[in-house]
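**Student:** I have a structure here, written as structure tokens, and I will follow up with some questions on it.
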Amino acid sequence: MVEGVFDAMAVKRNAIPILGKFIPKTLNDTIYKKGVQSINILLDGDDQDQALYYTMQFQNQGITTKNIKPTDKDASEMGFTEVNNKLKE
């Protein structure tokens, strides 16, 4: 999950833009209904409190969750290669 459309375009693979820092209720409900097993959360640096909240929320429900902390750039500025290197860390 990423914040915006341009962030999703930079990530390319299975990226869902939440269009802000809050996960829409329908997306949240769908995650549980579909039995999603793992989620990577990459929100901008200024939204890390919210990212940690969602990480803990999903982990408490048994979903493997990674909070990927960006550098001083957001995903769209990092680009595909740098984002994927962060995913591997």
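The values are calculated or read from the model by the stated rules, or taken from the named source; none is laboratory data. Remember, predicted model here, so these are calculated numbers, not experimental data. Neighbour counts run over all protein chains shown; Cβ positions are idealised from the backbone, glycine included. Accessible surface areas use protein heavy atoms only, side chains included; no ligands, DNA or RNA. Shrake-Rupley method; radii C 1.70, N 1.55, O 1.52, S 1.80 Å.
**Student:** Which ones in region 6-24 are under 13 Å from residue 79 (Cα atoms) and in contact with a Gly (Cβ under 7 Å, 6 or more places away or on another chain)?
**Tutor:** Of everything in region 6-24, just one residue is under 13 Å from residue 79 (Cα atoms) and in contact with a Gly (Cβ under 7 Å, 6 or more places away or on another chain), namely 10.
**Student:** Something else about it: Out of region 39-84, which residues are of a type in the set (A, V, I, L, M), closer than 16 Å to residue 23 by Cα, open to solvent by less than 50 Å² (accessible area, probe 1.4 Å) and in a helix (DSSP H, G or I)?
**Tutor:** Passing the criteria: only 51.
**Student:** What is the residue count in region 1-38 for residues that are assigned to a loop (DSSP other than H, G, I, E, B), more than 17 Å from residue 84 (Cα to Cα) and among the polar types (S, T, N, Q)?
**Tutor:** Within region 1-38, residues that are assigned to a loop (DSSP other than H, G, I, E, B), more than 17 Å from residue 84 (Cα to Cα) and among the polar types (S, T, N, Q) number 1.
**Student:** Next question, about the same structure. Show the residue pairs meeting these rules: Cβ distance below 7 Å; 6+ apart or different chains; first residue within region 11-28 and modelled with pLDDT under 95; second residue among the acidic types (Asp, Glu) and not in a loop (DSSP other than H, G, I, E, B).
**Tutor:** 17/7; 21/47
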